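Take a look at the structure below.
Just so it is clear, none of the values below were taken in a lab; they were calculated from the coordinates. All of these numbers come straight from a predicted model, not from anything done at the bench. Every residue, glycine among them, receives a Cβ derived from its backbone with ideal geometry; neighbour counts consider all protein chains shown.
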Amino acid sequence: MWIFGWKGPSGFSARSTAEEVTQGIDGTGLTAIVTGASSGLGLETTRVLALHCVHVIMAVRNTEAGRDVRTAILKEIPTANINVMELDLSSMASVRKFASEYNSSGLPLNILINNAGVMATPFMLSQDNIELQFATNHLGHFLLTNLLLETMKKTSRESKKEGRIVNLSSEAHRFAYSEGIRFDKINDESGYNSIYAYGQSKLANILHANELTKHLKEFSTCNR
Ligand SMILES: NC(=O)c1ccc[n+]([C@@H]2O[C@H](COP(=O)([O-])OP(=O)(O)OC[C@H]3O[C@@H](n4cnc5c(N)ncnc54)[C@H](OP(=O)(O)O)[C@@H]3O)[C@@H](O)[C@H]2O)c1
């Protein structure tokens with residue numbers, strides 16, 4: 001479709017590859033977490049960040065798959081610095097465990113890429129009894145971000161480099177329920193529509209990013 005070739009103000013289009021977008025960037029000294037890094041966009045994000053010398057922590061629910069991906073990337077980029085850590089975003093206990101281990105590891109954190117996601121699943125509840133798409137795509141990432149924020153702020157202060165938090169949303173945020181986010185009906189199976197519920201979770205990703213932007217602008221103003 002013509003729209004995929006249309007270039008935005010950045011000079012890139014939907015056809016641009018991750019390698020094209022990052023050409024000339026040196027990520028030496030930066031550390032990034034990529035959620036859902038064992039396949040799809042997360043895998044390619046991991047590979048290209050590693051190509052640019054970023055230390056990448058693959059946060060994955062299937063660590064065996066994560067280690068296989070790490071091995072494959074190392075074959076292509078022998079200098080890649082990649083670690084694999086277990087994270088199941090549909091479980092708040094798993095998110096807390098991951099964040100606690102990460103925060104006590106002493107590693108810095110410059111970039112958090114909230115990429116993992118499930119799409120249009122039949123109605124299911126997470127381990128915490130919350131509708132699965134909302135729990136995985138939004139709540140898990142919301143909690144993860146909050147729990148890692150102090151480490152990100154500390155890294156930013158010490159390195160004097162602004163951090164980056166990226167929430168992978170989707171055009172599907174336009175196709176949420178008519179009332180947007182159904183705060184009082186998140187777990188209502190009778191009115192569940194898998195596409196609208198996906199859109200609802202992707203809308204939440206955007207609202208989360210907007211709110212973080214406001215919050216972190218205040219932080220950067222206060223820390224100049
Ligand atoms: N591809 C597109 O065209 C497109 C368009 C718009 C937005 N997006 C967004 O981009 C992101 C990546 O999409 P993708 O196409 O690369 O999807 P994908 O290939 O299906 O990969 C999704 C990743 O998320 C992981 N994941 C799922 N549930 C998880 C959980 N509970 N805890 C931890 N990880 C979990 C999966 O792990 P497993 O391998 O273990 O299942 C997988 O690695 C998603 O947020 C999606 O909404 C994609």
A correct Karplus calculation of ³J(HN,Hα) over region 119-126, with 6.51 cos²θ - 1.76 cosθ + 1.60, θ = phi - 60°, whole Hz and x for Gly and Pro, returns 10, 6, 6, x, 4, 8, 9, 6
Quarter of the surface of the C-alpha convex hull for region 66-131, i.e. direction-averaged projected area in nm², equals 6.1 nm²
Here, region 1-108 modelled as identical Cα point scatterers in vacuum has Debye log10 I(q)/I(0) at q = 0.16, 0.18 Å⁻¹ of -0.77, -0.91
The pairs in 7/202; 7/153; 75/160 lying past 29 Å Cα-Cα in this model are 7/153; 75/160
A correct Karplus calculation of ³J(HN,Hα) over region 149-162, with 6.51 cos²θ - 1.76 cosθ + 1.60, θ = phi - 60°, whole Hz and x for Gly and Pro, returns 4, 5, 5, 5, 5, 4, 4, 5, 4, 6, 8, 6, 10, 4
The base-10 log of I(q)/I(0) that the Debye equation returns for region 141-193 at q = 0.15, 0.21, 0.24, 0.30 Å⁻¹, one scatterer per C-alpha, is -0.66, -0.87, -0.97, -1.15
Among trypsin sites (Lys or Arg not before Pro) in region 67-171, those in a DSSP loop whose Cβ has at most 12 other Cβ atoms within 10 Å are 160
The percentage of Cα-Cα pairs in region 99-224 separated by more than 19 Å is 52 percent
HN-Hα couplings for region 194-210 via Karplus (6.51, -1.76, 1.60; θ = phi - 60°), in whole Hz with x for Gly/Pro, come out as 5, 6, 4, 5, 5, x, 4, 5, 6, 5, 4, 4, 6, 4, 4, 5, 4
Non-local residues with an amide H under 5 Å from the amide H of residue 81, with H modelled 1.01 Å from N and Pro and chain starts lacking one, are 56
Taking a straight Cα-to-Cα line shorter than 12 Å from residue 217, and setting aside same-chain aspartates and glutamates fewer than 8 residues away, one finds 162
Taking Cα atoms only, Rg over Rh for the chain with Rh from the Kirkwood formula is 0.97
Only helices counted: for the chain, with every DSSP H run of 4 or more residues adding -39500 (n - 2.57) and the sum spread over all residues, [θ] at 222 nm is -13500 deg cm²/dmol
The relative contact order of region 172-224, taking Cα pairs under 8 Å that sit 6 or more residues apart, comes to a percentage of 44 percent
